[in-house]
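> The structure that follows is given in the form of C-alpha cells.
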Amino acid sequence: MFQLLGAASISGYIITALFLLVAVGRLARNALYRFTAGLPKRSALKHYATAATSLVFFCLLVVRMCFIATVIIDCAIQGDKMEISGSPGSQF
C-alpha cells in the first residue's frame, strides 16, 4: 500500500513538473516571438529561432502527453489481476 501511494505521489510530482516546464516553455516562446518581431521579415535568425522554439515546445508537449498516457495505462494494468501460467491453453 505504501509503495502504491509513493508511486502515485512521485508520478504526481513529475506531472506537475512537466506542466510547469511547458508553462516556462510558453513564456520563453512568447519572449522569443517578441524578440524576433523586431527582426526583418526574411531574416535567417528569425526563421531558425522560430523553428527551433516550435520544435522544442512540441517535444515538451509530446513528453508530457506520453508520461500521462504511461501513468494511465500503468494504473489500468495494475488494477487487473493477470495470471501467467506455463500452459499456453490456459492463457486464452
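> Could you tell me which of the residues K41, K81 is of a type in the set (K, R) and either at pLDDT 80 or above or in contact with a strand residue (DSSP E or B) (Cβ under 6 Å, 6 or more places away or on another chain) (or both)? Give the derivation first.
Numbers: K81 fails: either at pLDDT 80 or above or in contact with a strand residue (DSSP E or B) (Cβ under 6 Å, 6 or more places away or on another chain) (or both).
Of the residues listed, the single one that is of a type in the set (K, R) and either at pLDDT 80 or above or in contact with a strand residue (DSSP E or B) (Cβ under 6 Å, 6 or more places away or on another chain) (or both) is K41.
> Residues in region 61-70: is at least one loosely packed, with under 11 Cβ neighbours inside 10 Å and modelled with pLDDT under 85?
yes
> Have a look at F58, F35 and point out the one that is of a type outside the set (V, I, T) and surrounded by 12 or more Cβ atoms within 10 Å (Cβ to Cβ).
Going through F58, F35 in turn, just one is of a type outside the set (V, I, T) and surrounded by 12 or more Cβ atoms within 10 Å (Cβ to Cβ): F35.
The values are calculated or read from the model by the stated rules, or taken from the named source; none is laboratory data. Since the model is a prediction, treat every value here as computed from it, not as a measurement. Heads up, the Cβs are rebuilt from the backbone with ideal geometry, glycines too, and the neighbour counts pull from every protein chain shown.
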